[in-house]
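Quick note: the coordinates plus some simple rules give every number you see, no bench work behind them. In this text the structure is predicted, and so the values were computed from the model without any measurement. Positions of Cβ are generated from backbone atoms using ideal geometry, with glycine treated the same way; all protein chains shown enter the neighbour counts.
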Amino acid sequence: MQFEITSEFIDSFKTAIEEKNTGFLKEQLNEFYAQDIAIIINQLNLKEAAYLFELIDDDIASDVLLELDEDKREDLLATFSSKEIAEQLDNMQSDDAADVISELPQEIQEEVLSHIEDIEQASDIAELINYEEGTAGSLMAKELVSVYAFETVNACIEQIRNQTDNVDVMYAVYVVDNNERLIGMLSLKKLIISHPLARVEEIFEPDIQFVKTSTTSEEVSEIMQKYDLVVLPVVDQLGRLVGRITIDDVFDVIRETADENIQRMSGISDDVDSNDKIWRLSRARIPWLLVGMCGGIVGSRIIGSYEEQIKIHPEMAYFIPLIGAMGGNVGVQSSAIIVQGLANNTLLGDKILPKLGKELSVGLINGLICSTLICGYSFLIEDWQLAATVSVALFTVIIFASFLGTFVPLTMNRFKINPALATGPFVTTLNDIIGITIYFLVGRLLYTSF
């Protein structure tokens, strides 16, 4: 059933937990999907969460555990014994089980693995947690359906029946040779319409996309998006089929990458969310706040160096916030477009220089429009000398900010630094400093010299 989980509803759950009203709680839990139950548990304290989790049916308990926020799951697992954790992992796909167990301390991991009754499952999990994070090996699941090329269609169908017990959804049937090396994929349609005695090697499709265990998760995501794949086989360095990655795993990668880039663009240095502890949230935000503060100090010193100029022409101070804000906004706009192009691989090779030229052209047009408007406004409230000064300064700042906003992320990407950093406080602060400097230099040349 679909139901809106409100704060009032959460309060009713808390009251029922406090009163130990298990009848109400079990009745409600039976009506919800695992994802909804996880949302409820995320809103409870640890004692309440542990009590409610005990009432969840074994059929969906492991699914609920997977859907919990990472911090909540970590705290909840700390209340479990190693054997209880092992029981939950037994009901998960190998890739999900590996993700959960990797959050535990090393000594606890070994204990949990020793309690898993399914030796093959324990072996798969142990293998997966040893792959480097951010690679195809760490993303893949071991559960898959494969057949040998020399088998007949009849034998192949029997093999599929035997292997599908541990596979929730059968996306594809992979074909391997005698050495377990991946050589293609078998279409279910061809499997059904082919003669029972036909051999798999006669009907399989040899043209298939695959990745190695060492392939980065970003490359996996790009391949699956480019070729519209819902599943991607993974092979080891010898070409042997070792696992498969499904589209839901890639969605997680895409979401995590997007969240990370948004945080970088906002000047947050660590991967955090609103449920993290106060100190961790503060530690993630403070570095770039300090950078912004240092930039503000530099900007104030620049303004201070033109103190005499401002004393003589105090009206120049009116437009300092305008110049700084426009430079920062233009820089962020340009860098955001470039970061987007780098993220989706539309900025490759010879496309970089045309993109740089396009952004400068856009800056030229926007600069002309904005400088013309501010010129008219300044002329109405002050005089033509100040109008000309502000107009020329704003035009120059917009052009320079467009260049900087384009050039900085491209340069950072060239040196393997996350270009998303360029769209946040870095470009904004730099453009503020340069914008103010340009404004007073133009003012000295065009205004105070009149």
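To the nearest 500 deg cm²/dmol, what mean residue ellipticity at 222 nm is calculated for the chain from DSSP H runs of n ≥ 4 alone, each contributing -39,500 (n - 2.57), summed and divided by the residues? Please list the in-between numbers first.
Values: 22 runs with 288 residues, N = 450.
Helix-only estimate at 222 nm: -20500 deg cm²/dmol.
Given Lys83/Lys212; Lys212/Lys355; Lys189/Lys226; Lys72/Lys226; Lys311/Lys355; Lys26/Lys72, which pairs have Cα atoms separated by over 31 Å? Walk me through the numbers before you get to the answer.
Details: Lys83/Lys212 34 Å; Lys212/Lys355 33 Å; Lys189/Lys226 24 Å; Lys72/Lys226 35 Å; Lys311/Lys355 43 Å; Lys26/Lys72 21 Å.
From Lys83/Lys212; Lys212/Lys355; Lys189/Lys226; Lys72/Lys226; Lys311/Lys355; Lys26/Lys72, over 31 Å: Lys83/Lys212; Lys212/Lys355; Lys72/Lys226; Lys311/Lys355.
Assuming R0 = 30 Å, what is the FRET efficiency of Glu103 and Asn329, from their Cβ-Cβ distance, to the nearest 0.05?
On the way: r = 41 Å, r/R0 = 1.35.
Calculated transfer efficiency: 0.15.
Dividing the Cα convex hull volume of the range 1-68 by residue count, how many Å³ per residue is that?
Working: hull volume 5.2 nm³, N = 68.
Convex hull volume per residue, Cα atoms: 76 Å³.
Please work out how much length the chain gains when fully extended from Thr372 to Asn91, using 0.36 nm per residue of separation minus the C-alpha to C-alpha distance, in nm with one decimal. Display every interim value, and only then the final one.
Details: separation 281, 0.36 × 281 = 101.16 nm, distance 6.69 nm.
Working it through step by step, the gained length comes to 94.5 nm.
Report, to two decimal places, the Cα Rg of the range 278-446 normalised by 2.2 N^0.38 Å (N = number of residues). Write out the running numbers ahead of the final one.
On the way: Rg = 17.5 Å, N = 169, 2.2 N^0.38 = 15.5 Å.
Normalised Rg, Cα atoms only: 1.13.
When the convex hull of the C-alpha atoms of the range 175-231 is computed, what volume per residue in Å³ does it have?
Working: hull volume 5.0 nm³, N = 57.
It comes to 87 Å³ per residue, whole-number rounded.
Membrane-span-like helices in the chain: DSSP H runs reaching 24 Å or more (Cα, own axis), mean Kyte hydropathy at least 0.0? Walk me through the numbers before you get to the answer.
Values: long enough: 247-265 (27 Å, -0.49); 278-305 (39 Å, 0.81); 320-343 (34 Å, 1.24); 352-381 (43 Å, 1.29); 384-414 (45 Å, 1.37); 425-446 (31 Å, 1.36).
In the chain, the long hydrophobic H runs are 278-305, 320-343, 352-381, 384-414, 425-446.
For a protection proxy built on the mean count of beta-carbon atoms within 10 angstrom, sort 135-144, 29-38 highest first, please.
Numbers: 135-144: 23.4, 29-38: 16.6.
For the peptides 135-144, 29-38, the packing ranking is 135-144, 29-38.
If r is the Cβ-Cβ distance from His115 to Glu202 and R0 is 35 Å, what FRET efficiency results, to the nearest 0.05? Intermediate results must be reported in sequence, preceding the final value.
Numbers: r = 46 Å, r/R0 = 1.31.
Once rounded, the FRET efficiency stands at 0.15.
Among Trp279, Trp288, Trp384, rank each residue by its count of other Cβ atoms within 10 Å, from fewest to most, as a rough exposure measure.
Final ranking by Cβ density, sparse to dense: Trp279, Trp384, Trp288.
Per the Kirkwood treatment, what hydrodynamic radius in Å, one decimal, follows for the chain from the mean inverse distance over all distinct Cα pairs? Can you show the working numbers first?
Working: mean 1/r = 0.0373 Å⁻¹.
Evaluated over the chain, this radius sits at 26.8 Å.
What whole-number value in cubic angstrom gives the convex hull volume per residue for the C-alpha atoms of the range 65-134? Please list the in-between numbers first.
Working: hull volume 5.8 nm³, N = 70.
Hull volume over Cα atoms, normalised by residue count, gives 83 Å³.
Using only alpha carbon pairs under 8 Å that are at least six residues apart, calculate the relative contact order of the chain and give it in whole percent. Walk me through the numbers before you get to the answer.
On the way: 590 pairs, mean separation 47.9, N = 450.
For the chain, the relative contact order is 11 percent.
Within a Cβ distance under 12 Å of Val390, other residues only, what is the Lys/Arg minus Asp/Glu net charge? Don't jump to the answer; show the numbers that get you there.
On the way: positive: none; negative: Glu315, Glu382, Asp383.
With Lys, Arg at +1 and Asp, Glu at -1, the neighbours total -3.
By per-residue mean of other Cβ atoms within 10 Å, what is the highest-first order of 209-220, 45-56, 389-400? If you can, show how the numbers build up before the last one.
Details: 209-220: 17.7, 45-56: 15.8, 389-400: 24.6.
Ranked from most to least packed, the peptides come out as 389-400, 209-220, 45-56.
So, how do all the Cα-to-Cα distances of the range 146-246 break down into 10 Å bins, in percent, from 0 on up?
Reading the bins upward from 0: 15, 46, 32, 7, 0.
Taking a temperature of 4 °C and a viscosity of 1.567 mPa s, what whole-number D in µm²/s does Stokes-Einstein yield for the range 7-139 with Rh from Kirkwood over alpha carbon pairs?
Numbers: Rh = 15.5 Å.
Approximately 83 µm²/s, per Stokes-Einstein.
Kirkwood hydrodynamic radius for the range 361-416: how many Å is it when counted over pairs of different Cα atoms?
Numbers: mean 1/r = 0.0820 Å⁻¹.
Mean inverse Cα-Cα distance, inverted, gives 12.2 Å.
Test of understanding: what is the full-extension gain from Asn162 to Lys212, defined as 0.36 nm times their sequence separation minus their Cα-Cα distance? Display every interim value, and only then the final one.
Details: separation 50, 0.36 × 50 = 18.00 nm, distance 2.63 nm.
The Asn162-Lys212 span can extend by a further 15.4 nm.
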